[in-house]
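What follows is one structure encoded as structure tokens, with my remarks underneath.
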Amino acid sequence: MVVFGYDAPQEQFPPDKLLDYAVLAERAGFEAIGTSDHFHPWAHTGAHCGFAWTWLAAAAERTRSAKVGTMVTAPTLRYNPAVVAQAFASLAWVYPGRVFFGAGVGEALNETPVGVKWPGPRERIERLDEALRVMRMLWSREFVSFRGKYYSLSKANLYTKPRAPIPIYVAAGGPQTAELAGRRGDGMVVLPAALQKHGNVLFERFKEGAKAEGKDPKGTMATLLNASYDEDLDVALEGARFWRVTAIPAHFNYDIYDPREIEADSWAVGDDALRRARLVTTSADEHIRAIERLIKDGIELFFIMNVSKHPEKLFKLYGEKVIPYFRGRPGRGKSRAGAP
């Protein structure tokens, strides 16, 4: 089944407005609610950056049945993975069967500002691998002792464990993280740009990683679409411009962390390039065509980051036209973990 989730952009809107949008999303037919987990936003002017974990608890309380989780958290540097495990175990206890955890290697703008030295790509992948092992051990075992390369546990026990297993979806931007997603995750989150660059290699490496761990290779395949909609293209572009610097890969890979400096690079991404990189639209058909292409690539779970100047318009569009169009459409089949 094709499943839709709303991804709440903490960087663009204040937390109280995002709670209102989460309610609108569920009413429109979105079955999951994700949110970014950042310390700094991607831009400075007009930005926000609420704390994802606090917000998720409020979102779960305000909604009825939508799954809730991060898209995504880096449980490796500013967070100790044992504390992350405790936080999400508590959330899953209160909202059993409604919690998922999105994991990624992180970005410097969330780590360097709080005094953490930004490591190279290899260390970030190793840290995420080890952190996810720590989290799963704490969720399922008693009094865990562990000594890894980066993290240690000494008779650590979560007295409030999750009532139901928490699915983990690992963000993969390349073959190495795709293989990690297969080994440690229940599914994989791939951005359209990564699919364009690496194609089916990401899915193959996910399967290899899962098989290496003796797991069913049929994980949930998800993507995140940065989307801005309005009947007026200029208004749709206005909502999307806040995010144009995220179309520059260097901001994800290097030690760049001051939103004022990041925002200064916005000039490099014009409106035409923004439309190619993001889903900036004036009609439901444009969303449907983009989603159909990704379904053919193997995606079944779509998180729509609604960055529109008037977000309620996009929720209405999806509730009335986009979600009904795909309702009942088969995806790649039900995954081992089950999509939200």
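What single numbered condition from (1) among the hydrophobic types (A, V, I, L, M, F, W, C); (2) without any contact (Cβ under 8 Å) to a residue 40 or more places away in the chain; (3) crowded, with 18+ Cβ neighbours inside 10 Å fails to hold for Val170?
(2)
Any idea how many residues of segment 1-41 are over 23 Å from Leu301 (Cβ atoms) and out of contact with any Lys or Arg (no Cβ under 9 Å at 6 or more places or on another chain)?
So the count comes out to 6.
Take the conditions among the aliphatic types (A, V, I, L, M), under 21 Å from the mean Cα position of the chain (by Cα) and buried (at least 23 other Cβ atoms within 10 Å of the Cβ) and apply them to Val245. Does it pass?
Taking the combined requirement at face value, the residue does not satisfy it.
If we keep just the residues of segment 93-140 that are free of Cβ contacts under 8 Å to residues at least 60 places away in the same chain, outside any helix (DSSP H, G or I) and surrounded by 19 or more Cβ atoms within 10 Å (Cβ to Cβ), which is nearest to the chain's Cα centre (by Cα)?
Selected residue: Gly106.
Just to verify a result, which residue in segment 208-225, among those that are surrounded by 24 or more Cβ atoms within 10 Å (Cβ to Cβ) and in contact (Cβ under 8 Å) with a residue 40 or more places away in the chain, is nearest to Phe315 (Cα to Cα)?
Ala222
Output the residue which, of all residues in segment 176-199 that are touching a residue at least 24 places away in the same chain (Cβ under 8 Å) and polar (S, T, N, Q), is surrounded by the fewest Cβ atoms within 10 Å (Cβ to Cβ).
Ranking the qualifying residues of segment 176-199, first place goes to Gln176.
Quickly run through segment 283-303 and pick out the residues that are touching a strand residue (DSSP E or B) at 6+ places or on another chain (Cβ under 9 Å) and surrounded by fewer than 14 Cβ atoms within 10 Å (Cβ to Cβ).
Ser283
Rule-based calculations on the coordinates, nothing more; no lab input. As the structure is a prediction and not an experimental result, all values here were calculated from the model. Because the Cβ atoms are built from the backbone with ideal geometry, glycine has one as well, and the counts that use them run over all protein chains shown.
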